[in-house]
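**Student:** Attaching a single structure in structure tokens format; questions to follow.
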Amino acid sequence: MPPLPRRTFLTLLEAGAGAAALAACTPSNAPNPLTSPGSGAAGSGTGGPGGDGAPRVTRTVAERLSTPWSIAFVPDGSAFVSERDSGRILRLGTGGDPREAARIAVRTDTSEGGLLGLEAAPDFASSGTLYAYYTAERSNRVVALHWDGSSLGGERVLVDGIPEAPIHNGGRIKAGRDGFLYIGTGDATERSSSQDRASLGGKVLRVASDGAPADGNPFGNRVFTYGHRNVQGLAWDSSGRLWASELGPDRDDELNLLQAGSQYGWPSVTGARSSNGSVPAVHVWPSTADASPSALAIVDDVAYVACLRGERLWRLPLPAAGSTGDGSGHLPGATEHFRSQYGRLRDVVQVPGQRELWIATNEGSNSRILAIAI
């Protein structure tokens, strides 16, 4: 695929939104009012798996990466990693350095677009199918690539026309237990699109392996939930409930429990409030300096949320099945870890079958993937 031409397309409104987003991404070490008593020491990364449950870094898996955005494990124990700005998909073998498996010609003139989410198909062992979400010239799209044992190729477009902009591009994709693909999108700075069920922006989409709307979708199209600003994380708990982490504007970052056909308030309302039948967030970070959540992983019904501006990992015990918490917008037992130690944390995934997480860090020229014992 040839490189895509650059183009200047920021309107005054988008430029203002971009400036606000950049301002919101300024790191802060302000005290965190949501940290549970005694959890401040956890930010040092001390402790270990079991015991007090504090995560700890055990090793560096890969380093000198260029804005690693997503990690996808495959059945042989290796993983693929996307680099947002370079468009490279790297393969991390079980005992070697990262090797380039593909390079996608992505838009490079956006601050939050590029090569974003990766996910292996449930039948990867037989099909070799890897899904990727990236920013093309006029839209975001989801494609299927084929792994032949040495490289990725044979791109097939599954979903096109997802709105793109310099910011709010979404990008997370996850394969559900039902065999369908779930796709988190952003409003691409067009707030009204989040409430428009005919638009793919500001949604969680649910599609079949060929990109068609999944059977049983609530509106007969690809839309599963709507009223989102910029979904960044998707994960399921042990009872099969789907959770999403979402970036707020200048306040109210959210952890949401998703229900088919429901709407989540944007742009009318944020946080643990409701408007026009919207579903309130289960957990809210009032200050974006404490979170700006990116990816989400759930292990033993504990959510681990990687944060961008907040530069930390949140550990959130989830409410039991049938409960959505007490309605306060705060989950008891929430603790923060690694504050300001590893830069912006972009992705967090569980190593299959292990009590270990891999975290993709954005630390400038020393962006890494770290292994975390939990």
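**Student:** Using amide H atoms built 1.01 Å from N in the peptide plane, name the residues 5+ places from L331, or on other chains, whose amide H lies under 5 Å from its own.
**Tutor:** HN-HN under 5 Å from L331: V284.
**Student:** Can you tell me the mean projection area, over all orientations, of the convex hull of region 237-350's alpha carbons? Units nm², please.
**Tutor:** Mean projected area for region 237-350: 6.8 nm², to one decimal.
**Student:** Show me 347-359, 111-123 ranked by packing, highest mean number of other Cβ atoms within 10 Å first.
**Tutor:** Packing proxy ranking, top to bottom: 111-123, 347-359.
**Student:** Taking the Cβ of each residue in R172, R91, R107 as the centre, tally the other Cβ atoms inside 10 Å and list the residues starting with the fewest.
**Tutor:** R91, R107, R172
**Student:** Moving on to the next point. Tell me, what is the FRET efficiency for D210 and S340 to the nearest 0.05, using R0 = 51 angstrom and their Cβ-Cβ distance as r?
**Tutor:** For R0 = 51 Å, the calculated efficiency reads 0.70.
**Student:** Report the extension gain between E100 and A371 in nm, rounded to one decimal, defined as 0.36 nm multiplied by the number of residues separating them, less their alpha carbon distance.
**Tutor:** 95.5 nm
**Student:** Translational D (Stokes-Einstein, µm²/s) of the chain at 4 °C and 1.567 mPa s when Rh comes from the Kirkwood sum over C-alpha pairs?
**Tutor:** In µm²/s, the coefficient is 64.
**Student:** Taking 22 Å as R0, compute the FRET efficiency from the Cβ-Cβ separation of D123 and D300 and round it to 0.05.
**Tutor:** 0.25
**Student:** Pairs of Cα atoms under 8 Å, at least six residues apart: use those to get the relative contact order of the chain, whole percent.
**Tutor:** With pairs under 8 Å counted, the relative contact order is 16 percent.
**Student:** Right, another one. Determine the distance separating the Cα centre of region 142-190 from the Cα centre of region 342-374; give it in Å without decimals.
**Tutor:** Using only Cα atoms, the two centres lie 21 Å from each other.
**Student:** Another question, then. Can you sort W285, W69, W236, W147 from fewest to most other Cβ atoms within 10 Å of each residue's own Cβ?
**Tutor:** W236, W147, W69, W285
**Student:** Then there is this: For the chain, what is the mean residue ellipticity at 222 nm derived from helices alone (per DSSP H run of n ≥ 4: -39500 (n - 2.57); sum divided by total residues; nearest 500 deg cm²/dmol)?
**Tutor:** -1500 deg cm²/dmol
**Student:** Can you compute 3J(HN,Hα) from phi for each residue in region 178-187, using the Karplus curve 6.51 cos²θ - 1.76 cosθ + 1.60 with θ = phi - 60°, rounded to whole Hz and x for Gly and Pro?
**Tutor:** After applying 6.51 cos²θ - 1.76 cosθ + 1.60, I find 7, x, 9, 9, 9, 10, x, 10, x, 7 Hz.
**Student:** What are the principal axis extents of the Cα atoms in region 185-247, in Å, biggest first?
**Tutor:** So the extents along the principal axes, rounded to whole Å, are 33, 25, 18.
**Student:** Say each of V57 and F219 gets a label point 7 Å from the Cα, pointing the same way as Cα to Cβ; how far apart are those two points in nm?
**Tutor:** 4.2 nm
**Student:** Related question: Multiply the residue separation of S239 and E137 by 0.36 nm, subtract the distance between their alpha-carbon atoms, and state the gained length in nm to one decimal.
**Tutor:** In short, 32.8 nm is gained.
**Student:** Please give the charge dipole size of region 42-373, origin at the Cα centre, charges +1 on K and R Cβ atoms and -1 on D and E Cβ atoms. Round to the nearest 20 debye.
**Tutor:** In total the dipole reaches around 160 debye.
**Student:** Rounded to the nearest 20 Debye, what is the dipole magnitude of region 241-374 about its Cα centre when Lys and Arg each give +1 and Asp and Glu each give -1 at the C-beta?
**Tutor:** 140 debye
**Student:** Continuing with this model, one more query. Mind giving me the FRET efficiency for S111 and D196? R0 is 25 Å, r the Cβ-Cβ distance, nearest 0.05 is fine.
**Tutor:** 0.55
**Student:** Work out, step by step, the length gained on full extension between H146 and R251: first 0.36 nm times the residue separation, then minus their alpha carbon distance; give nm to one decimal.
**Tutor:** Extending this stretch completely gives an extra 33.7 nm.
**Student:** Please arrange T110, T94 by counting, for each residue, the other beta carbons lying within 10 Å of its beta carbon, fewest first.
**Tutor:** With the fewest neighbours first, T110, T94 line up as T94, T110.
**Student:** Lys and Arg at +1, Asp and Glu at -1: add these up for the other residues within a Cβ distance under 11 Å of V143 and post the number.
**Tutor:** 0
**Student:** Ok, one more. Choose one of G240, S86, H146: the residue whose Cα lies farthest towards the positive end of the charge dipole of region 42-373 (beta-carbon charges +1 Lys, Arg; -1 Asp, Glu; about the Cα centre).
**Tutor:** My answer, from the dipole projection, is S86.
Bear in mind that the values in this text are calculations on the coordinates, not laboratory data. These numbers were taken from a predicted model, which means no experiment stands behind them. Because the Cβ atoms are built from the backbone with ideal geometry, glycine has one as well, and the counts that use them run over all protein chains shown.
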